[in-house]
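Asker: Just passing along the structure, written as structure tokens.
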Amino acid sequence: MSGRRLVTLAALFMLAIGGAGGAVLWFKGRPASPPPSTVAEITVKLPPPEPAPAPPAPAAPVSGSAAAPPTPPEPAAPPSGAPRAVDTPPPPPLPQAPTSVPQRPVPKPPGPVAGAQPTPAPGAPAPASPAPAVPAPPPVAETKIAEVKLALFDPALAERSKDGTLPMIGRDGRQPWQVYARPFDLTDKRPRVAIVVTNMGLSAAATDHAINALPGAVTLAFAPFAEGLKDGLARARGKGHEVLLNTPMEPEGYPRSDPGPKALLTSLSEAENLENLTWILTRGEAYVGIANLTGGRFAQSPEHLKPVLAMLRQRGLLYVDRWAGNETPSGKIAKEIELPFAGVQLVVDQEPTKNGIDGRLAELERIARRDGRAVGLALPYPLSLERIALWINELDQRGAILAPVSAVVSAAK
């Protein structure tokens, strides 16, 4: 038997005994490629991954997983970094709350807040209801002080001068301080408290605030050299405010402290002071009188003060003095010539703080209960106007009444 036949018979024998693997060993000259079924068989026999429970919403893909997607026809999870189709994405890095747990409703704050979506921290207690906001001061329109109409400018109570129109007593005896006064029931026996807010007209914003933020029973005193003075007086009276003209007089610190143009000074003659006073009286219309709120030195000089007060009495006006009392020169002269007169007891905002203003208003009210009437002076600070408005709203409950300054002068009964 030839050698070639012997090799063939040996290969057939090894195939019968050891399978295809043994036969391959005998054919070293041929490539030993594994049968295709071997790879497929190994892949099929790998243990499949345990199926994860199906969530109610598509879960995000797990980063770094090497498992192949399952063969069922469900849509495969999107690859890492692909956008997720969700209605409201949770704010990173907090996880989205499970849909099976009901969310506690969060009370909404008063008023919409654009773009605010508060998310409570995990494990934190439910937020309490928000505390009520601090109420704003009640608007003056809601106060118990009824608004009234004041008399319009009456040409019969005016005369012309070289500087303009001057107030005068009418031929029928009517006096400007009575005609242009805010109506008040003089039979009311409750303690009367008058508030005079000064420096009107120097700041448009402060003037508008005082005119609109206070009831008409508050008296407003305007600077005589303010721009648009007549318009300011008319707007204030249109809101029911009785009005005064501030008259600059010499203060204690003069000339270092300047009271302004056309001031009445102890260094001037009587004629010069009366000329300045005449100019001041022509600056406005339909006011009830003048107020000396700066001139401490002038108010203490009877020689200079008496001609000025006599001119006011002649023209039917009243007089309010910051440094006046019954025993001061202005108080004595006013009583002697029967001039309607009121002295300021205190400055409401001398200490311009909430507690300071509230304390002074309470003191002013005590003076009114003791003497039957009292006058307080204030500047148009926003805090002053706010505290005064709140105090006025409660004044009636305490048995006192807010009055215009014309209702607390010496001539008012």
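Asker: Quick one: dipole size for segment 157-407, taken about the Cα centre, charges +1 on Lys/Arg Cβ and -1 on Asp/Glu Cβ, in debye to the nearest 20.
Answerer: Result for segment 157-407 is approximately 480 debye, rounded to the nearest 20.
Asker: Amide H neighbours of I195 under 5 Å, at least 5 residues apart or on other chains, H built in the peptide plane: list them.
Answerer: Those lying under 5 Å, H to H, from I195 are T219, G376, A403.
Asker: Based only on Cα atoms, what Rg/Rh ratio does segment 157-407 have, Rh being taken as Kirkwood's radius?
Answerer: 0.94
Asker: I've got another one for you. So what are the ³J(HN,Hα) numbers for segment 384-396, from phi and the Karplus equation (6.51, -1.76, 1.60; θ = phi - 60°), rounded to whole Hz, Gly and Pro as x?
Answerer: 4, 5, 5, 5, 5, 4, 5, 5, 4, 4, 9, 5, 5
Asker: Give the long-range amide H neighbours of A158: residues separated by 5 or more places, or on another chain, with amide H under 5 Å away, using H modelled in the peptide plane at 1.01 Å from N.
Answerer: Result for A158 returns M168.
Asker: Continuing with the same structure: Taking the Cα centre of segment 157-407 as the origin and placing charges on Cβ (Lys, Arg +1; Asp, Glu -1), which of V347, A271, L244 is farthest toward the positive end of the dipole?
Answerer: About the Cα centre, the residue reaching furthest to the positive side is L244.
Asker: Tell me which aspartates and glutamates have Cα within less than 19 Å of K306's Cα, excluding those fewer than 8 residues away on the same chain?
Answerer: Leaving aside aspartates and glutamates fewer than 8 places away in the same chain, those within reach of K306 are E250, E252, E270, E272, E275, D321, E327, E336, E338.
Asker: Starting at the first residue of segment 150-163, write each ³J(HN,Hα) from the Karplus equation 6.51 cos²θ - 1.76 cosθ + 1.60 with θ = phi - 60°, in whole Hz, x for Gly and Pro.
Answerer: 9, 5, 6, 4, 10, x, 6, 10, 8, 9, 8, 9, 5, 9
Asker: Here is a follow-up. Tell me, what HN-Hα J-couplings in whole Hz come from the Karplus equation 6.51 cos²θ - 1.76 cosθ + 1.60 at θ = phi - 60° for each residue of segment 205-218, using x for Gly and Pro?
Answerer: So the J values, rounded to whole Hz, are 5, 5, 5, 4, 4, 5, 4, 9, 9, 10, x, x, 6, 7.
Readers should treat all values here as calculations from the given coordinates under stated rules, not as data from a laboratory. Owing to the predicted nature of the structure, the values given are computational and were not obtained by experimental measurement. Methodologically, a virtual Cβ is constructed for each residue, glycine included, from the backbone with ideal geometry; neighbour enumeration extends over all protein chains shown.
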